[in-house]
Amino acid sequence: WQAQVERLEGLLARGLEPCRRLPDVADVRVLGAIGVVEMMAPVDGAALQRFFVERGVWLRPFGRLIYLMPPYITPDEDVARLCAAVTSAVEAGVWRVSS
């Protein structure tokens with residue numbers, strides 16, 4: 001399992017790296033098999049969930065966090081798909097709470 005966690009850590013770090021350059025992102029963190037994109041403001045969890053489900057992924061953001069905790073056996077291409085969905089959501093501004 002340690003090798004699987006190490007693999008996921010590398011995939012998440014590479015896959016979420018593009019989020020670092022986005023203006024509304026406070027931080028991108030990866031520790032083991034957990035990846036987090038922290039926004040500067042609270043996220044619209046419902047809007048993000050709809051966005052993710054439409055893309056065939058299931059993530060549950062909360063507070064200012066969009067986080068991923070894929071199972072250790074997740075194939076590389078699925079991790080890439082998760083990271084791409086997060087990056088797309090942040091780029092598109094889907095995370096913003098509507099007023």
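Below are the figures for this structure:
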item: Subset of the range 38-69 [surrounded by 15 or more Cβ atoms within 10 Å (Cβ to Cβ) and touching an Asp or Glu at 6+ places or on another chain (Cβ under 7 Å)]; result: E38, M39, R64, L65
item: Identity of the residue in the range 82-99, part of a helix (DSSP H, G or I) and over 10 Å from the mean Cα position of the chain (by Cα), that ends up surrounded by the fewest Cβ atoms within 10 Å (Cβ to Cβ); result: A92
item: Qualifying positions in the range 33-61 - of a type in the set (F, W, Y) and out of contact with any Pro (no Cβ under 9 Å at 6 or more places or on another chain); result: F51, W58
item: Qualifying positions in the range 1-39 - part of a strand (DSSP E or B) and of a type in the set (D, E, K, R); result: D27, R29, E38
item: Close pairs from the range 59-78: first in a loop (DSSP other than H, G, I, E, B), partner surrounded by fewer than 16 Cβ atoms within 10 Å (Cβ to Cβ) and aliphatic (A, V, I, L, M), Cβ under 8 Å, at least 6 apart; result: R64/A26; R64/M40; R64/A41; M69/I34; Y72/V5
item: Residue that is least open to solvent (accessible area, probe 1.4 Å), among those in the range 21-32 that are within 12 Å of the chain's Cα centre (by Cα) and under 29 Å from Q2 (Cα atoms); result: V28
item: Qualifying residue in the range 43-62 (condition: more than 19 Å from V97 (Cα to Cα), charged (D, E, K, R) and modelled with pLDDT of 95 or more); result: no
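The values are calculated or read from the model by the stated rules, or taken from the named source; none is laboratory data. Keep in mind the model is a prediction, meaning the values are calculated, not measured. Positions of Cβ are generated from backbone atoms using ideal geometry, with glycine treated the same way; all protein chains shown enter the neighbour counts. Ligands, DNA and RNA are excluded from the accessible area calculation, which covers all protein heavy atoms including side chains. Shrake-Rupley method; radii C 1.70, N 1.55, O 1.52, S 1.80 Å.
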